[in-house]
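To keep things clear, I will list the structure first and then write my remarks on it.
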Amino acid sequence: MIAMRKPIHVMIVEDERIVALHLRQQLARLGYDRTSVHSAGINALKAIETDAPDIILMDIRIDGDIDGIETAAGIPEHLMIPIIYLSAYSEDTTLERARQTRPYGFLLKPFSERELHATIQMALERREVELALRESQERLSLAMHAARMSCWEVDVSTRKMHSTGLAQFLPDENQSAETITESWEDFLHRVASGDRDMVRKAFEYAVLHGEFYDVVFRGQQSEGTQSWFRARGKSYINDRKGTQRIIGVMQDITDQRLTNDKLRQAMTVFETTQDGILILDPDLNITSANRAYCQITGADPMNVVGSPPYMIVPEAFPPAFYQELFHTLRTRRHWHREIETRDMSGNPISIMMQIIAVEDDDGVLTHFVAMISDRTAIRQAEQELHYLAQYDGLTGLPNRLLATDRLNRAIERCERTGSVVACLFLDLDDFKNINDTLGHAAGDQVLLIVATRIKALTDRTDTIARLGGDEFLIIRENMHSEAAAGNLASHIIHELQKPFYIVGHELTLSASIGIALYPENAHSPQDLIRLADTAMYAAKDQGRRTYAFYKSEMTESATHYMTRSLELRRGLEKGELTLYYQPQVDAKTGEMTGTETLIRWNHPQNGILGPAEIIPIAEQSGLIVEIGQWVLEESCAQARRWQDEGFDPIRIAVNVSVRQMRTQGFAKTVQTVLADTGLDPKWLEIEVTESMIQDEDIMIDTLHELRAVGVSVAIDDFGTGYSCLRSIKSLPIERIKIDRAFIKGIPQNTDDAALAEAMIAMARTLGLKVTAEGVETTAQRDFLHRQGCNELQGFLFSKPVPAEQLFKSSHSSTKIS
Ligand SMILES: Nc1nc2c(ncn2[C@@H]2O[C@H](COP(=O)(O)O[C@H]3[C@@H](O)[C@H](n4cnc5c(=O)[nH]c(N)nc54)O[C@@H]3COP(=O)(O)O)[C@@H](O)[C@H]2O)c(=O)[nH]1
């Protein structure tokens, strides 16, 4: 008997009042005290809405629009109210209709009290079981829902699939009910096409081998989101029916999968990042360290866990460091610092360390994450850049920037003590030739030798700087006299003159030094350097290999030079340069045999300027090579024009500068100019000075090459360069030109006359032709003729004249009488 926890409410639906009353009495006797009676079905349904009974005793044939069976059918299913039909009729149609409402009992009237009691009890019992089952099913369903799981079952023979909860995460427009029945193939269409085959195979395998299956697959993508599922189950044979079923569960693992993906990505970052990453416990002990941390610090990966990062252990820094570290972490939850430390092998390293506190959802500190960036390379690069910004890369000496700063400090110190600062500006003479002839590597070696020699002569307190190219600066403070600065310059020049060997050549160096003094000449470092530079040019003008103190007039001359060099460049471009020609005549006949080309500058303001205003500026500014090339081209072209105009061919002599001669392939250039202008090489003579060919192998090679081209070579200004005629015997020279300094005094000055006589005689012995320069008088002409001089040049015959006047000049009227 059902334990009566609360009075059982029995509803009687009976239209015969006596029967209903009798039933009520019977029930009361059986202990069912709470009863209600309704004579019509509609009334009973209304009453059920407000006070649902535990069981209904339903007469089939009752008053009203609906009978007992229709009333039972109208009761909401979820109420699960057991119905026991009471009827005097038991024909099949009534029974069939009653059966469809799934009654808990059917009592044929008349029935005994005991039959009634037993039927009620069994109905209540069954209801209890069904309620318990429903609750259990609901619990399971909720749990599955919460776990985003569904259960499924496939009948292997029919391939019908029943699933519960599938629609919630694998939606299908045709199937949205909690429990879905569909074909296995339809289900497969919910699986992403790429994984469908794999799911099918796992299923078939389980069918064939009666095995468990466990498969992870993706659902058909909807609205760009990708869902992941895991299906597990097993194949069973139903013992009773002998049918085979696959039963299992399916779980939506999208979140888990995304979390795993994120975790995997985080792990990849952790392991592959260039920065060291540490996970620290709240006491700052390492719980996990990545590879980069061990690489940066050289820490042993096996021994890092359990202790704090070695660079912040207490011995490493003063207590204040840790106070600040813990205070910042406590208050700001984030600390960072650039730390100069050493790695485990003792090498210095620069690191940027950041420590970040990590809290749980309740704000409780769980651990710290430390990030360690290796800044060593950056710091080293910065130091190198700093060095490069202040020092010369070749010699390691301070550069202009640092020298200016040092000079500034020296001035400040000497301002206090009232002493003198000397600023020496040194420039090597003809350094470009070393680069041009021996190459830049040799030039670099020479600069290193210069730096070493200057350093050896100076004090520790002096500043030696390289300003660029072949320019050096020497700063000495606390000088007591101008003479001391001169002595220092003189020592340096002397020291640099000492020979040294480089790439198989013995070289000596020559330097010019300009000196400016603080406070006498200037008060700022920039001005001092500039004035010393100006003085250096003055030293060059004084013949090089010397030094000069700055004087205010130098600024004027430097300004003049600057203006003139700019004007000259512009003049060359605008065609202001022109050539004059001075005849060279046969000493015997007075016939013009040749002409010398002499440059002039038709200056827009200053009129015609001679070589003295052009050549030194061209040499210093480097324009000389360009100008020399133009002179050569124009001279050859003019010689060819005269020939084309019908004049007898004459030799044309062109002066070349030392720089021009040293240019790579000079002889080849001459050959090209001759070819371009169409002048036969035999009409061209190149004039070089004695000093240009002294001991210079490269020049002598060029002379041979010129000879091979077919042009002749004359030595200009002969007698001024101390070279003896014997030494030029071996050179490919055709002519010497006796300098006008020796001609000037003849025939009265017996020394000049003797020297000219000796030069002419020796030249004749060596088979060289002789031209005398600066012949101004007939006496000079006659004397030179008597001595056997071949040709004469001078104002006596003609001054240098423009091209169109050369053949009109009256030199021929000065024939020897
Ligand atoms: N590299 C180059 N050098 C050149 C070029 N053109 C000229 N020069 C060099 O300049 C030097 C000076 O030349 P210039 O002022 O033209 O003087 C020449 C004559 O005018 C002068 N001369 C000639 N005869 C007399 C005379 O009877 N009396 C007198 N007082 N002077 C006279 O001599 C100069 C020519 O001499 P030289 O060259 O030695 O034959 C000049 O020496 C050239 O070296 C150039 O294009 N490139």
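A helix-only calculation puts the chain at -13500 deg cm²/dmol for mean residue ellipticity at 222 nm, using -39500 (n - 2.57) for each DSSP H run of at least four residues, averaged over all residues. What is segment 371-479 by shape, rounded, prolate or oblate, if you read a ≥ b ≥ c off the alpha carbon gyration tensor as root eigenvalues and call it rounded for a/c under 1.5, prolate for a/b larger than b/c, and oblate otherwise? Verdict is oblate for segment 371-479. With one equal scatterer per alpha carbon and no solvent term, the Debye-computed log10 I(q)/I(0) for the chain at 0.09, 0.10 1/Å reads -1.04, -1.14. In this simple spin-label model, placing a label point 7 Å from the Cα along the Cα-to-Cβ direction at both His189 and Glu324 gives a separation of 7.1 nm. The angle between the Cα long axis of helix 254-272 and the longest principal axis of the Cα atoms of the chain comes to about 30 degrees, rounded to the nearest 10.
At full extension, Leu140 and Ile698 could sit 190.2 nm farther apart than now, given 0.36 nm per residue minus the alpha carbon distance.
The label-point distance for Asn43 and Lys160, in a model that sets each label 7 Å from Cα toward Cβ, rounds to 4.5 nm.
Accessible area of Leu577 (1.4 Å probe, protein heavy atoms only, ligands and nucleic acids ignored): about 10 Å². According to the square roots a ≥ b ≥ c of the eigenvalues of the Cα gyration tensor, what is the shape class of segment 291-354, taking rounded for a/c under 1.5, prolate for a/b larger than b/c otherwise, and oblate for the remainder? Taking the square roots of the gyration eigenvalues as a ≥ b ≥ c, segment 291-354 is prolate. Principal-axis analysis of the Cα atoms of the chain puts helix 17-29 at an angle of about 80° to the longest axis. The simple Förster model, with R0 at 51 Å and r as the Cβ-Cβ distance, assigns Glu506 and Ser307 a FRET efficiency of 0.15. Once the 1.4 Å probe is applied to the protein heavy atoms, segment 276-380 comes out at 55 Å² accessible per residue.
Rg ratio for segment 9-141: its Cα radius of gyration over 2.2 N^0.38 Å, N being its residue count, equals 1.02. Helix 552-574 and the longest principal axis of the C-alpha atoms of the chain enclose an angle of approximately 80°.
Remark on segment 646-714: hydrodynamic radius 12.4 angstrom, per the Kirkwood mean of 1/r across alpha carbon pairs. Each peptide in 590-601, 625-636, 77-88 was scored by the mean count of other Cβ atoms within 10 Å over its residues; highest first, the order is 590-601, 625-636, 77-88. Values of log10 I(q)/I(0) for segment 565-805 across q = 0.08, 0.18 Å⁻¹ run -0.30, -1.50, by the Debye formula with one identical scatterer at each alpha carbon and no solvent.
Once C-alpha pairs closer than 8 Å and six or more residues apart are averaged by separation and normalised to the residue number of segment 393-550, the relative contact order reads 30 percent. For segment 343-427, the spread of Cα coordinates along the three principal axes comes to 74, 33, 22 Å, biggest extent given first.
Would you kindly state how much longer the chain becomes between Ile378 and Glu16 on full extension, computed as 0.36 nm times their sequence separation minus their alpha carbon distance, in nm to one decimal? Intermediate results must be reported in sequence, preceding the final value.
Numbers: separation 362, 0.36 × 362 = 130.32 nm, distance 10.55 nm.
Length difference between fully extended and current span is 119.8 nm.
Mean sequence separation of contacting Cα pairs (under 8 Å, at least six apart), scaled by the length of the chain, corresponds to a relative contact order of 5 percent.
Leaving out ligands, DNA and RNA, what percent of the accessible area of segment 8-73 is carbon and sulfur, probe 1.4 Å?
Accessible surface attributable to carbon and sulfur in segment 8-73 totals 48 percent.
Sequence-distant contacts, meaning Cα pairs under 8 Å at least 6 residues apart, place the relative contact order of segment 337-466 at 18 percent. When the label point is put 7 Å from the Cα of Lys574 along its Cα-to-beta-carbon vector, which residues of segment 613-639 have a backbone N closer than 15 Å? No residue passes the distance filter. Comparing Cα centroids, segment 67-107 and segment 265-326 end up 79 angstrom apart. Karplus-based coupling profile of segment 279-288, in residue order and whole Hz: 9, 10, 7, x, 8, 6, 8, 6, 10, 7, with θ = phi - 60° in 6.51 cos²θ - 1.76 cosθ + 1.60 and x standing for Gly or Pro.
The values are calculated or read from the model by the stated rules, or taken from the named source; none is laboratory data. Just so it is clear, the model here is predicted, and its values are computed rather than measured. FYI the Cβ positions are ideal-geometry reconstructions off the backbone, even for glycines, and counts take in every protein chain you see. What goes into the accessible areas is simple: the full protein's heavy atoms, side chains included, and nothing from ligands, DNA or RNA. Shrake-Rupley method; radii C 1.70, N 1.55, O 1.52, S 1.80 Å.
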